[in-house]
Amino acid sequence: MTSAGSASIHASAVLAGNRAVLIRGPSGSGKSRLAFDRALAGGYLPPTTLIGDDRVRLTVNGGTLTVRGVAELAGKIEIRGLGIRSVNYAADGPIGLVVDLNAADAARLPPPESLKTTLEGLELPRIPVGADFNALPLVLAFLTTT
């Protein structure tokens, strides 16, 4: 897939340090909330910047899957209860983690195969998050533990 031919997908993404976190899920599942919460988490974690909210593009470059925001929504994020707001943003980033919200295969002790996904032919780490479960602690744990 090339950037010229990349289709947008329904997802959000943030850049955490030098790796992007792609956040997928149905409408209303909390993609924007997780993106904004991660940006606010701060602390000893890498700084986090929005790449895109609601629509992003995926491209493969040299064996790396990159996520890029769509131009029409650059620097915009929906904050439930406030509407569409402007924030600092990054143009793109290499995906290092995929978070699937409202995942049917979420489990207390997930089998190893559910902690991986394949996008555009590349295997990536994945966190399946169940409905009504706060995804932020799982993302923070992934970024800070082995």
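The values are calculated or read from the model by the stated rules, or taken from the named source; none is laboratory data. All values reported here derive from a predicted model rather than from experimental measurement. Cβ coordinates were reconstructed from backbone atoms using ideal geometry, including for glycine residues, and neighbour counts include every protein chain displayed. For the accessible areas, the whole protein counts, side chains as well, though only heavy atoms, and no ligand, DNA or RNA atoms are used. Shrake-Rupley method; radii C 1.70, N 1.55, O 1.52, S 1.80 Å.
Could you give the accessible area per residue of the chain, probe 1.4 Å, as a whole number in Å²?
Solvent-accessible surface per residue comes out at 54 Å².
Let a ≥ b ≥ c be the square roots of the eigenvalues of the Cα gyration tensor of segment 71-118; is it rounded (a/c under 1.5), or, if not, prolate (a/b larger than b/c) or oblate?
Verdict is oblate for segment 71-118.
For the chain, what class follows from the C-alpha gyration tensor (a ≥ b ≥ c being the square roots of its eigenvalues): rounded when a/c is under 1.5, otherwise prolate if a/b is larger than b/c, else oblate?
rounded
Among the chymotrypsin sites (Phe, Trp or Tyr not before Pro) in segment 23-96, which ones are in a DSSP loop with at most 13 other Cβ atoms within 10 Å of the Cβ? Mind listing them?
Here the sparse-neighbourhood loop sites are Y44.
Using a 1.4 Å probe on the protein chains only, how many percent of the accessible area of the chain belongs to carbon and sulfur?
Ligands and nucleic acids excluded, carbon and sulfur give 53 percent.
So what is the relative contact order for segment 1-134, in percent, with contacts set as C-alpha pairs under 8 Å and at least six apart?
Reported relative contact order: 25 percent.
List the GluC sites (Glu not before Pro) within segment 63-125 that fall in a DSSP loop (any state other than H, G, I, E or B) and whose Cβ has at most 15 other Cβ atoms within 10 Å.
E120
May I ask what percent, to the nearest 5, of DSSP beta bridges between residues of segment 25-146 are antiparallel?
75
Can you give the helix-only mean residue ellipticity at 222 nm for the chain, where every DSSP H stretch with n ≥ 4 adds -39500 (n - 2.57) and the sum goes over all residues, rounded to the nearest 500 deg cm²/dmol?
After summing the helix terms and dividing by residue count, I get -4000 deg cm²/dmol.
Normalising by the residue count of segment 55-146, find the relative contact order in percent from Cα pairs under 8 Å and 6+ residues apart.
Reported relative contact order: 23 percent.
Would you please name the trypsin sites (Lys or Arg not before Pro) within segment 101-146 that are DSSP coil residues with at most 14 other C-beta atoms within 10 Å of their C-beta?
Answer by residue number: R108.
Mind listing the phi-derived Karplus ³J(HN,Hα) values for segment 57-72, rounded to whole Hz, using 6.51, -1.76 and 1.60 with θ = phi - 60°, and x for any glycine or proline?
10, 10, 9, 9, 9, x, x, 10, 8, 10, 10, 9, x, 8, 4, 5
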